[in-house]
1. For labels at E176 and D192 in the simple 7 Å Cα→Cβ model, what's the distance in nm?
2. Could you let me know the centre-to-centre spacing of region 29-89 and region 119-198, using Cα atoms, in angstrom?
3. Using +1 on the beta carbon of Lys and Arg, -1 on that of Asp and Glu, and nothing else charged, what's the dipole of region 99-251 about the Cα centre, debye to 20?
4. At 0.36 nm per residue, minus the direct Cα-Cα distance, what do D142 and N263 gain on full extension? Give it in nm, one decimal, please.
5. At a Förster distance of 22 Å, what's the computed FRET efficiency of H48 paired with D219, Cβ-Cβ distance as r, to 0.05?
6. Quick one: order H48, H108 by neighbouring beta-carbon count within 10 Å, fewest to most.
7. Please work out how much length the chain gains when fully extended from E250 to K204, using 0.36 nm per residue of separation minus the C-alpha to C-alpha distance, in nm with one decimal.
8. Relative to the compact-globule scaling 2.2 N^0.38 Å, provide the ratio for the alpha-carbon radius of gyration of region 131-265.
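FYI, it's all coordinate maths here, none of it is from the lab. Predicted model, so just to flag it, every value in this text is computed and none were measured. With ideal geometry, Cβ positions are generated from the backbone for all residues, glycine too; neighbour counts draw on all protein chains shown.
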Amino acid sequence: MKRFAITTLVALGAICLSGLESHADESTPKFTTRGIIRAGVDKSGRVHGDLAKLTGLKNATSLNYKILLMNRDGTEKVVNEKDHTFTLAEQFRLIIEADSDLYVYVFHEGPDGIRTVLLPDAADEGRVPMVKKGSQKVIPDDGTYFEVVPPPGTEKLLVYATPEPRPELTPEEAFEDADGTKEEKKLKTTQDKVFESASSKQAKEAKTGNVEELAENLDEMPEFRLRGLRWTPEESSDEGKTVLVGSFDENKKPDLFVEIPLNSK
């Protein structure tokens, strides 16, 4: 049984996965919002096709994530973290699909503020493996699941996706046991500055349901063109959530920061 050094989530042996990464389902129709994004961002992050025509974006950093909850019969279902309150002993995993070639960092932050690196893991020696366009990264990646254990409360998964590596997020000391040292606090401050920098460059999230609505609303939201676009389209629960940060400047490729709250009782 493998356990992660995190406050209220531990990994528990369960159904084995076929591999660390798998190729995403290409059956998503291209005329859906998810399909337009998947088809409209190339591996370098350049925007083209219908997505470019509808939004005017030049570059985008985009990913889709799913929280898969294990049912009692061993099957899985996608849950919306905003609507779902976890109960003790529930098990889940996180799946991230990249819409371009991205370096993806994932952290867990407990109710006490202690932060742990989930991706990369210590075996990667701080080197973040690139998640190729159309590929999925499963976390945990060894066939185990996270399990909700006492005490209940609110914690977070922090996801940072970038076209270029950010080694300052995962130096060697990031993989040491949390002990409240000055070095640990300094590292968290450094990470927070990176997260806040990415967030500050993104305009207030667009509250639109699909690409067409987004394009129509852009004319009424000029701050997007000044600061860039942060957009989470509405999707069915089975598709998970797609989060896109776009740039109207062809010379700038934005970083994406996503905070996923997890509530338990």
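1. Result: 2.0 nm between the two label points.
2. 20 Å
3. So the dipole magnitude of region 99-251 works out to roughly 420 debye.
4. Taking D142 through N263 to full extension adds about 41.1 nm, to one decimal.
5. For R0 = 22 Å, the calculated efficiency reads 0.55.
6. Arranged by neighbour count, lowest to highest, H48, H108 become H48, H108.
7. Going from the current span to full extension adds 14.5 nm.
8. Working: Rg = 17.7 Å, N = 135, 2.2 N^0.38 = 14.2 Å.
My calculation over the Cα atoms of region 131-265 gives 1.25.
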